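Okay, structure first, notes after.
The values are calculated or read from the model by the stated rules, or taken from the named source; none is laboratory data. Since the structure is predicted, the reported quantities are computational estimates derived from the model, not experimental observations. Counting neighbours? That spans all protein chains shown, and the Cβs are built from the backbone with ideal geometry, glycine included. Each accessible area value is taken on the protein alone, full model and side chains, heavy atoms only, with ligands, DNA and RNA left out. Shrake-Rupley method; radii C 1.70, N 1.55, O 1.52, S 1.80 Å.
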Amino acid sequence: MRAARMHGYKQPLHIDEVQVPVPGPDEVLVKVLACGMCRSDYQLIDGYFPLDLTFPYIPGHEVAGEVAELGSDVPGSTGLSEGDRVVVNPAWGDGTCRQCHEGNEQLCTGSGGWIGFGPPGGFAEYVTVPSRHLIRIDADAGLEPHQLAPLVDAGLTPYRGMKKLRATGRLGPGRTVVVSGIGGLGSYGVQYAKLLGDGATVVAFARSDDKLDVARQNGADHTVNTRGKTPDQMRAELRELTGRGEIDGALDCSGAPQSLELNASLLGAEGALVSVGLMGTSVEFPIFLFVSGERTFSGSFWGNYNDLTEVLALAAQGRVKHTVTPVGLDDINDRLGALGRGDVIGRQVVVFD
């Protein structure tokens, strides 16, 4: 099979011919039909994550495909058969820690991991997956592989983040929620703000008018280009748009320090900021601002199995729009470079014949 492999950090991927992997007794061989390209893939290659990988290594964690072969001990209770359309739940917890027992395998504190960040990923024509980490997609769901693949991260991560924001009680009619960073995650995040915001006014922040166009298409009530603007200028623009110069909640999908600091400065009393992005390494917030106004900041990482099934259900109901650009495996290095520069609108997805 063909696979795009890392031969070291800070190096272009190599398109190599390698052996098709053989599934273990409890594994399934998946023929990859599509694999999303995430900024974290670029960051992995660039050495952002402190992982001990064995090279050559196949990245790629947003995987949709079909069952090619079942291992000898895959239980019939999985309901899987050869030819079934599937997506890969990317969080592979070890099943023993408290977080795994709570259902949050993406937070595993034991020996678990994530496909594409340890176990070989989906930038290849085939991948083996433990059967319990596959979700079967009904044939009548009306979703193509290039639409399904991004849902397991770009679609999943902001969904969990918006659920956390809603749980703070800061959303609803007469309130304002910001979705900041309209890339692969933010283009879905705006939609979840409308679906889960209980009537809150949704404002999208980005540094590109093209990305703000996507936010408007996905339901944002207002959009603001933040490039070069001070917090005071932002408050004035918010006041003109919404009647208020502060916000009740923010979902930050970039993780860039300047974005987080701006969103924090705009929070009203009891406001909540949830971050799902990972562009930076650290950020500073004024302690008095958060303590005196009982503001909150929290991280939200990926999503669990139930979060993913909810996202897939929304997509099957036609309640989620996709901003997807299919690309070929041979173009992967060029397209990863575009990710690193921030030049991508929505999600790029590697598609296989």
Discussion item. Give me the Å³ per residue figure for the convex hull around the C-alpha atoms of region 117-260.
Written reply: 151 Å³
Worksheet item: Which order do peptides 237-243, 58-64, 164-170 fall in by mean Cβ count within 10 Å, highest first?
Response: 58-64, 164-170, 237-243
Worksheet, complete the sentence: Within the chain, the percent of DSSP beta bridges that are antiparallel, given to the nearest 5, stands at 55 percent
Worksheet entry | Diffusion coefficient, µm² s⁻¹, Stokes-Einstein with Kirkwood Rh over alpha-carbon pairs of region 298-348 at 4 °C and 1.567 mPa s | 96 µm²/s
Discussion item. Explain nothing, just the number: relative contact order of region 28-160, from Cα pairs under 8 Å at least 6 residues apart, as a whole percent.
Written reply: 35 percent
Worksheet item: If you place +1 on the Cβ of every Lys and Arg, -1 on the Cβ of every Asp and Glu, and leave all else neutral, what size is the dipole of the chain about its Cα centre, to the nearest 20 Debye?
Response: 1120 debye
Fill in: Rg and Dmax [Cα atoms of region 167-232; Å; Rg one decimal, Dmax integer]
11.5, 32
Discussion item. What translational diffusion coefficient, to the nearest whole µm²/s, does region 109-177 have by Stokes-Einstein, given a Kirkwood radius computed over alpha-carbon pairs, a temperature of 20 °C and 1.002 mPa s viscosity?
Written reply: 139 µm²/s
Practice prompt. Can you check what the net charge comes to around Val350, using other residues whose Cβ is under 13 Å from the Cβ of Val350 (Lys, Arg +1; Asp, Glu -1)?
Written response: -4
Worksheet, complete the sentence: Taking the alpha-carbon centre of each part, the distance from region 112-172 to region 1-50 in Å is 17 Å
Worksheet item: What ranking, highest mean first, results for peptides 177-187, 93-103, 308-318, 70-80 when packing means the other Cβ atoms within 10 Å averaged over each residue?
Response: 177-187, 308-318, 93-103, 70-80
Discussion item. Given a 1.4 Å probe and heavy atoms of the protein chains only, how would you sort Glu125, Glu144, largest accessible area at the top?
Written reply: Glu144, Glu125
Discussion item. Just want to confirm a number: the relative contact order over the chain, from Cα pairs under 8 angstrom separated by 6+ residues, in percent.
Written reply: 19 percent
Item to complete: Determine the sum of side-chain charges near Trp92: Lys and Arg each +1, Asp and Glu each -1, restricted to other residues whose C-beta is under 13 angstrom from that of Trp92.
Response: -3
Worksheet item: Got the relative contact order for region 313-353 handy, in percent, Cα pairs under 8 Å and 6 or more residues apart?
Response: 51 percent
Worksheet entry | Rounded D (µm²/s) - region 38-184, Kirkwood Rh over Cα pairs, Stokes-Einstein at 25 °C, 0.890 mPa s | 142 µm²/s
Worksheet entry | Principal-axis tilt of helix 257-266 within the chain, Cα atoms, nearest 10 degrees | 40 degrees
Worksheet item: Can you give the calculated 222 nm mean residue ellipticity of the chain, where each DSSP H run of n ≥ 4 adds -39,500 (n - 2.57) and the sum is split over every residue, rounded to the nearest 500 deg cm²/dmol?
Response: -8500 deg cm²/dmol
Worksheet, complete the sentence: The alpha-carbon pair-distance distribution computed for the chain, with 20 angstrom bins and whole-percent values, is 31, 56, 13, 0
